[in-house]
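Structure first, then comments.
Please treat every number below as a calculation from the coordinates, not as lab data. These numbers were taken from a predicted model, which means no experiment stands behind them. Here the Cβ positions follow ideal geometry from the backbone for every residue, glycine too, while neighbour counts run over all protein chains shown.
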Amino acid sequence: MKDLFLKTGKKLISHELISGSFYVFIGGMIANGFAFLLNLFLARSLSYSDYAIFASLLSVITLASIPAGSINTVIVKFATNLFVKNENDRLKTLYMLFFKFVLGLSIFIIFLFAIFSVPLMNYLHMDNVWYVIITGFVISSFYLSTLNGAFLQSLLKFKFISLLNILGSSIKLIVGVLLVFLGYRAFGGLGAIFSMTFGMFLIAYLPLVKILKQKSSNKSIALNTKQMLTYAVPTFITVLFLTSFTSMDVILVKHFFNSHDAGFYAGLSLIGKVIFYFTAPIPMVMFPLLVKRHATGVNFNNLFYLALLLVVLPSVAITAFYFVFPNFVINLFLGGREYLSVAKYLGIFGVYLTVFSLVNVCVSFFLSLNKTNVSALVVFAAITQIILIYIFHTNFYQIIGVSMLISVSLFIALLFIFFKNYGNTKHLKETITFLNTTGV
């Protein structure tokens, strides 16, 4: 029996999805621990209105950074193919192409936020235009960080990604606490994020030096650029509207509710997203592995089944904990106080984030296989969510209920498409066999 457990453990750890996810997960957990400490510090040190300002700006950062997610997806898709073929010269060409694009985009973002700083400040009911301007710098640094991070993901450097997340979050914590102590209030949170993202951009260069020393190749670059544009546009749209699911609700609540209630919902959303962040390493690792398997003609369906399972198990466990011990969780994350008024919403918010995390796995699966036509479904679902929240926003139950309804519908639709095009009971049985014998 002991030998069986040891054998099973070794096979589990050796599986590329599990081992890669494990490294990213460990780094993410430590990084999230630092992020938790910073959030706890901000929630207890800032006033409710200041915390609402920071949370709403954080949602703006998330929304404005969505194109970075699509850029990441495009880089991973094409760079992984070049990495599999060992074409390092073309990898450098690809890197330089995206570096020029991201740098220009970052400068444009800073200019754009400076131009529209006053209207955005008024919409979010803020009293200082510098909140918006600095937010533009934060978003720009995030784009630069995404560039190097995507190439690390393409090269399957999951151990270094883990270390990078830890270093970045430690910088964020130190800078955030220092700035708040110096009296910069919500600016402290913004400065912390900027320090983290720009620091990660610099550190991530280290494992890329070997590739960047290669002589660039222009072979078939025109064809690749055309392919990238064809893939990038629908991918950008998909990632944009998918991310809006967990961002637009916070922004709309900030618009429709008073500052105190908006701060309460921001805290609720932050705790709920623990589920998403906890399981995010799985689709992140799954994506380049799917690209690699697809490019080399290896079966990939069982990888998808396994990813869904690895997401649903911890998500259900965390959600159950939210239902049973909501007050404890809120005291832990937000320091209790008046935030306890949202305890009754925590469990159902966890259900919503569980479904959304599964949707994220499905969307990543389709994008890894160039099936960008799923963008139509994601766009329709996201717009429907926004419209329904505009109609139904009497209380938090309605806000969460709308988001949950749309997410469940989208998940069912994506599963239907998967089983129609790729579903094969043989592959499903292989995954069940893996769970029983740890063999794929």
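Helical runs (DSSP H, four residues minimum) scored at -39500 (n - 2.57) apiece and divided by the length of the chain put the mean residue ellipticity at 222 nm at -28500 deg cm²/dmol. Across the stretch 55-60, coupling constants 3J(HN,Hα) worked out from phi with the 6.51/-1.76/1.60 Karplus curve, θ = phi - 60°, read 5, 5, 5, 5, 5, 4 Hz, and Gly and Pro carry x. Computed from the C-beta positions of His255 and Ser409 and an R0 of 25 Å, the FRET efficiency is 0.50 to the nearest 0.05. Considering only Phe325, Phe236, Phe194, the mean-square fluctuation computed in a Gaussian network model of the chain, springs between alpha carbons under 10 angstrom, is largest for Phe325.
Using the Cα centre as the reference, give the magnitude of the dipole from point charges on the C-beta atoms of the chain (Lys, Arg: +1; Asp, Glu: -1; all else neutral), rounded to the nearest 20 debye.
1500
Within the listed set Phe304, Phe396, Phe419, the Gaussian network model of the chain (springs between alpha-carbon atoms below 10 Å) gives the highest mean-square fluctuation for Phe419.
Rounded to whole Å, give me the distance from the Cα center of the stretch 81-160 to that of the stretch 325-380. What the calculation gives is 24 Å, centre to centre. Model label points for Ile115 and Phe99, set 7 angstrom from Cα along the Cα-to-Cβ axis, are 2.8 nm apart. Whole-Hz Karplus values for the stretch 94-111 come out as 5, 4, 5, 4, 6, 4, 4, 5, 5, 4, x, 5, 4, 5, 5, 5, 4, 4 Hz, taken residue by residue from phi with 6.51 cos²θ - 1.76 cosθ + 1.60 and θ = phi - 60°; glycine and proline positions read x.
Looking at the chain as a GNM with Cα springs under 10 Å, which of Val76, Val24, Val342 has the largest mean-square fluctuation? So, out of Val76, Val24, Val342, the one fluctuating most is Val342. Which entry in [x] 33, 27, 22; [y] 42, 26, 24; [z] 41, 32, 17 is this structure's computed semi-axes √(5λ) of the Cα gyration tensor in Å? Given [x] 33, 27, 22; [y] 42, 26, 24; [z] 41, 32, 17, the structure-derived one carries the label [x].
Measuring against 20 Å, Cα to Cα, the residue pairs Lys157/Lys273; Lys85/Lys371; Lys292/Lys371; Lys172/Lys254; Lys100/Lys226; Lys157/Lys210 contain Lys157/Lys273; Lys85/Lys371; Lys172/Lys254 as the ones spanning a longer distance. Potential lengthening of the chain between Asn86 and Leu313 amounts to 78.1 nm, from the contour at 0.36 nm per residue minus the alpha-carbon distance. The residues packed around Leu369, meaning those with a beta-carbon under 13 Å from its beta-carbon, carry a net charge of +4 if Lys and Arg are +1 and Asp and Glu are -1. You can think of it this way: the chain between Ile383 and Ile107 has 96.5 nm of extra reach, that is 0.36 nm per residue less the Cα-Cα gap.
Sequence-distant contacts, meaning Cα pairs under 8 Å at least 6 residues apart, place the relative contact order of the stretch 2-437 at 21 percent.
Karplus-based coupling profile of the stretch 187-204, in residue order and whole Hz: 4, x, x, 5, x, 5, 5, 4, 4, 5, 5, 5, x, 5, 4, 6, 5, 5, with θ = phi - 60° in 6.51 cos²θ - 1.76 cosθ + 1.60 and x standing for Gly or Pro.
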